[in-house]
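*Asks:* Pasting in a structure now, in C-alpha cells, and then I'll have a few things to ask.
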Amino acid sequence: CLVQIPLEKGKSAREVLEEQGLWEEYRQKYPYNPMAKFDGSF
Amino acid sequence: AVGPESMTNDAGLSYYGVISIGNPPQSFKVIFDTGSSNLWVPSIYCNSAACNNHVKFDPGRSSTYRQNGSPLSITYGTGSMTGFLGYDTVTVGGLTVTNQIFGLSQTEAPFMQYMQADGILGLAYPSLSASGATPVFDNMMNAGLIDQNLFSVYLSSNNQRGSVVTFGGVDTNHYSDSITWIPLSNELYWQITVDSVSGNGQVVACNGGCQAIVDTGTSLIVGPQGDIDNINYWLGASSQNGEYMVSCNNIGQMPDVTFNINGQQFTLPASVYISPSQNYGCLTGFSGQGTNLWILGDVFLRQYYSIFNRGQNMVGLAKA
C-alpha cells in the first residue's frame with residue numbers, strides 16, 4: 001500500500017521576484033544563508 | 001519554552017504538495033522538507049503581507065482542533081517565523097494522522113510573501129523538532145499507517161507535474177538500475193558521508209571525504225566556499241554577487257560532475273546542474289557557504305530518486 005502525494009513544480013520566489021523586478025532588492029535586503037536551518041546542530 | 005529552530009527560506013524552492021488540517025479539512029500547500037522536522041502553516045492570527053498572500057488556518061473552524069499554546073519561534077537566514085502550537089487531524093495523501101502537533105504562524109518574514117507554498121512539512125528526525133513536537137512521519141509510523149518506515153521522493157526535471165512523495169514504500173516506476181543504500185552518519189538530519197567530488201577523473205572538491213545532508217528543502221547543491229569555488233572555476237563559471245554564471249551556449253560542452261558516495265558514482269551532467277535564469281543567463285547549481293557541510297538539494301535529487309529509510313537509518317539513491 002503506497003501512499004503518494006503529487007508535488008507541483010510551481011514558480012519559485014526568485015522567479016516571482018525577478019518578474020516583478022524585485023529580486024536584487026530582496027536578495028540584498030534578505031540575504032539567504034543556506035546553513036541557517038542547520039546552524040543549531042553544527 | 002520552545003527553542004528556536006532554524007528553517008528553510010530558499011528562494012529557489014519550487015516543489016509543493018497539498019495536505020489538509022482539521023475537520024472539516026482546510027487545505028494547504030506545503031514544502032516537504034527533509035531538512036527540518038516541524039509542520040507549520042499560516043494562521044488567522046497573522047496579518048502580515050506574507051500571511052495575507054497565503055491560505056490561513058482557522059482553528060475556530062475545526063471541531064477537532066486542540067490548543068497547545070506553547071510558543072514557536074523559527075529563525076532562518078532571511079527572517080523568522082513565530083507562532084504557537086496546536087493539535088489537529090492532518091491528512092496527507094489519504095493518510096489521516098490524528099492529534100498531530102503543528103505550528104500556527106503569527107508572524108512571517110516578508111520574503112515568504114513570494115513563496116507559492118503556504119507552509120512547511122518537515123521530514124527529518126524528531127530530535128531536530130522545535131519544542132519536541134512529534135513530526136508527522138513519526139506519528140504515521142507510530143500509528144501503523146504505513147507498510148514500511150520509509151518515504152521516497154521523485155522530483156521531475158522539467159514538467160510542472162509528475163513529481164511525487166511516496167509514503168511507506170518505493171515506487172519502482174520512478175527509477176532505473178539498482179538502489180544504493182547509504183548508512184546515515186548522523187541520525188538528526190538525513191546526513192551521509194561523501195567520499196569525494198570529481199570531474200574528468202580528477203578530484204575537484206571534498207578531497208578526503210565530507211559530510212552532506214540530503215535535503216529536499218534546499219534548491220541547490222551547497223558546499224564549503226573553497227570547494228564550490230574550485231568546482232565553478234573548473235567549470236569556467238564567473239562569480240557575481242555570490243552566484244556563478246556560465247554562457248548558456250556552453251552547456252553542451254560542459255563536463256559531468258560526479259559525487260562519489262559509498263563506493264558508487266552519482267553523476268550530474270551539465271543539463272542537470274545548470275539552470276537558466278530570467279535575467280541572469282545560466283547559473284550553476286553549486287553555491288558556497290562558510291561551513292564544512294554540504295547540502296545535496298533539488299539539483300541533485302532531480303537526477304537521483306531518493307529513499308529516506310527511518311527503519312534502517314539509511315538513504316537510498318537510484319538513477320531517476
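*Asks:* Please compute the contact order of chain B in relative form: average sequence separation of alpha-carbon pairs under 8 Å and at least six residues apart, divided by the residue count, as a percent.
*Replies:* 18
*Asks:* Arrange the following residues from fewest to most other Cβ atoms within 10 Å of their Cβ: A:Lys37, B:Lys319.
*Replies:* B:Lys319, A:Lys37
*Asks:* Below 13 angstrom from the Cβ of B:Asn52, what's the summed charge of the other residues (Lys, Arg +1; Asp, Glu -1)?
*Replies:* Net local charge, B:Asn52 excluded: -1.
*Asks:* For B:Tyr125, what is the net charge nearby, where nearby means another residue's Cβ is under 11 Å from its Cβ and Lys, Arg count +1, Asp, Glu -1?
*Replies:* In short, -1.
*Asks:* So how far, in whole Å, is the C-alpha centre of region B:49-66 from the one of region B:150-188?
*Replies:* Centre-to-centre distance over Cα atoms comes out at 31 Å.
*Asks:* Order of B:Tyr189, B:Tyr154 from fewest to most other C-beta atoms within 10 Å?
*Replies:* Ascending number of Cβ neighbours within 10 Å: B:Tyr154, B:Tyr189.
*Asks:* In addition: With every atom except the alpha carbons ignored, what do you get for Rg and Dmax of the protein assembly as shown, in angstroms?
*Replies:* 19.5, 61
*Asks:* A follow-up question, please. In terms of the ratio Rg/(2.2 N^0.38 Å) built on C-alpha atoms, what value belongs to region B:78-144?
*Replies:* In units of the globular-protein estimate, region B:78-144 measures up at 1.20.
*Asks:* Subtracting the Cα-Cα distance from 0.36 nm times the residue separation, let me have the gained length for B:Gln240 to B:Asn158 in nm, one decimal.
*Replies:* 26.9 nm
*Asks:* Here's something else I'd like to know. Wrap a convex hull around the Cα atoms of chain B, take a quarter of its surface area, and give that in square nanometres.
*Replies:* The directionally averaged projection comes out at 16.0 nm².
*Asks:* Starting with the highest mean, order B:18-30, B:241-253 by the number of other Cβ atoms within 10 Å, averaged over the residues of each peptide.
*Replies:* Packing proxy ranking, top to bottom: B:18-30, B:241-253.
*Asks:* Output wanted: per-residue J couplings in Hz (rounded whole) for region B:276-290, from phi through Karplus 6.51 cos²θ - 1.76 cosθ + 1.60, θ = phi - 60°, x for Gly and Pro.
*Replies:* x, 10, 4, 10, 10, x, 10, 10, 7, x, 10, 10, x, 7, x
*Asks:* Calculate, in nm to one decimal, what B:Thr64 and B:Thr193 gain on full extension: separation in residues at 0.36 nm each, minus their alpha carbon distance.
*Replies:* 42.2 nm
*Asks:* Let me ask something else. Once you have all Cα-Cα distances for region B:156-223, histogram them in 10 Å bins from zero and send the whole-percent values.
*Replies:* Values per bin, smallest distances first: 15, 35, 39, 11.
*Asks:* Sorting B:Thr284, B:Thr193 on the 10 Å Cβ count, fewest up front, what's the list?
*Replies:* Fewest-to-most ranking of B:Thr284, B:Thr193: B:Thr193, B:Thr284.
*Asks:* Report, by chain and number, residues whose modeled amide H sits under 5 Å from the one on A:Asn33, excluding near sequence neighbours (fewer than 5 apart, same chain).
*Replies:* Excluding prolines and chain starts, which carry no amide H, the hits are B:Gly77, B:Thr78.
*Asks:* In addition: Could you order the peptides B:63-73, B:41-51 from most to least packed, using the average number of other C-beta atoms within 10 Å per residue?
*Replies:* B:41-51, B:63-73
*Asks:* What is the set of long-range amide H partners of B:Tyr280 at a cut-off below 5 Å, with H atoms built 1.01 Å from backbone N?
*Replies:* When sequence neighbours closer than 5 places are left aside, there are no close amide H contacts.
Throughout, read-outs are computed from the coordinates displayed, never taken from laboratory work. Every value quoted in this text rests on a predicted model; they were computed, and no experiment measured them. Note that each Cβ is placed from the backbone with ideal geometry, even for glycine, and that neighbours are counted across all protein chains shown.
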